[in-house]
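The block underneath contains the structure these notes are about, expressed in structure tokens.
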């Protein structure tokens, strides 16, 4: 026999209240005294009460659903961000729906699909942010963009990509390397451009020459090709993400250039397997969990405040492992 769904009336009876306190607690209304709120929340927990999402949407005008707009889920950063956003949304009582967008028209379609599904707002992630720049802000849909140039139309949350790149170059310079080569990400990526900017600024600060840029597409295969093209006199390289750094390590090993004795390598992201590379990878850690939490917090604040706009930068951290050493 199917178990009956716990109702607000059941919660009210358990809490010993009557009338409006239960729906007010469910919708987050401040018009409940603390003692009554505590009794209602205790009754909800004891009975396993879960608000009916559709009914709550009718009462509040909100679906408690957040959209996540991505251009791809194939990259490690995007998949990590999806998990972080979903976890943070769940903790705040929101569901998450994912839509993909591969071009400007596709972005408009993605926003339209989210509006059709009744989403309260959306987080536009990484590579998809380039599509949002210059596009019209969707009517009736709050937006937070992760990794974007300043834009007064929506809130922005981003990692300190340039600062992390500076940490990488400063670490290699302190070890005694005359200069640091760089394998950048795609030219269309804001994060890649910021990491390149940090690399150039750090080299300029120590008076080191900047070498010709090598560029990849975030994949290990492109890092491998960059490793084959790395100049023979290079002793240190900062790679814009860990996946490309993995390919770089393979290329160096195959061409007889030991890491770190011949060439030191620093990555970016600190993916789960970075410590298992051979050698373990020195890298710049992005705090994906905090990034996702702050993006969700900014979006929920915008929804509840009716369009608040702000910007936040999440710090990055250098994690030193076995892939860097003083030059021979």
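Observations, loosely collected:
- Test result for residue 309, in a loop (DSSP other than H, G, I, E, B) and either buried (at least 24 other Cβ atoms within 10 Å of the Cβ) or in contact with a strand residue (DSSP E or B) (Cβ under 6 Å, 6 or more places away or on another chain) (or both): yes
- Given (1) modelled with pLDDT under 95; (2) within 30 Å of residue 122 (Cβ to Cβ), index of the condition residue 268 fails: (1)
- Filter result for residue 153 (under 29 Å from residue 111 (Cβ atoms) and in a helix (DSSP H, G or I)): no
- Considering residues of the range 164-189 that are assigned to a helix (DSSP H, G or I) and in contact with a strand residue (DSSP E or B) (Cβ under 8 Å, 6 or more places away or on another chain) only, the residue farthest from residue 145 (Cα to Cα): 172
- When restricted to residues that are part of a helix (DSSP H, G or I) and in contact (Cβ under 8 Å) with a residue 24 or more places away in the chain, the range 210-235 contains 9.
- Residue within the range 282-296 that is more than 18 Å from the chain's Cα centre (by Cα) and farther than 30 Å from residue 94 by Cβ present: yes
- In this structure, residue 210 does not satisfy being under 21 Å from the mean Cα position of the chain (by Cα) and under 13 Å from residue 238 (Cβ atoms).
- Residue satisfying condition, being assigned by TED's automatic domain parsing to the domain that holds residue 266, under 26 Å from residue 149 (Cα atoms) and touching a helix residue (DSSP H, G or I) at 6+ places or on another chain (Cβ under 9 Å), within set 227, 221, 198: 198
- Any hit, the range 149-157, residues being crowded, with 19+ Cβ neighbours inside 10 Å, over 21 Å from residue 73 (Cα atoms) and modelled with pLDDT of 80 or more: yes
- Highlighted here are the helices (runs of 4 or more DSSP H) found entirely within the range 24-137 that include at least 2 residues which are under 30 Å from residue 14 (Cβ atoms) and modelled with pLDDT under 65: 53-60.
- Any hit, the range 278-293, residues being surrounded by fewer than 24 Cβ atoms within 10 Å (Cβ to Cβ), at pLDDT 95 or above and farther than 17 Å from residue 191 by Cβ: yes
The values are calculated or read from the model by the stated rules, or taken from the named source; none is laboratory data. Fair warning: this is a prediction, and the values are worked out from it, not measured in the lab. Heads up, the Cβs are rebuilt from the backbone with ideal geometry, glycines too, and the neighbour counts pull from every protein chain shown.
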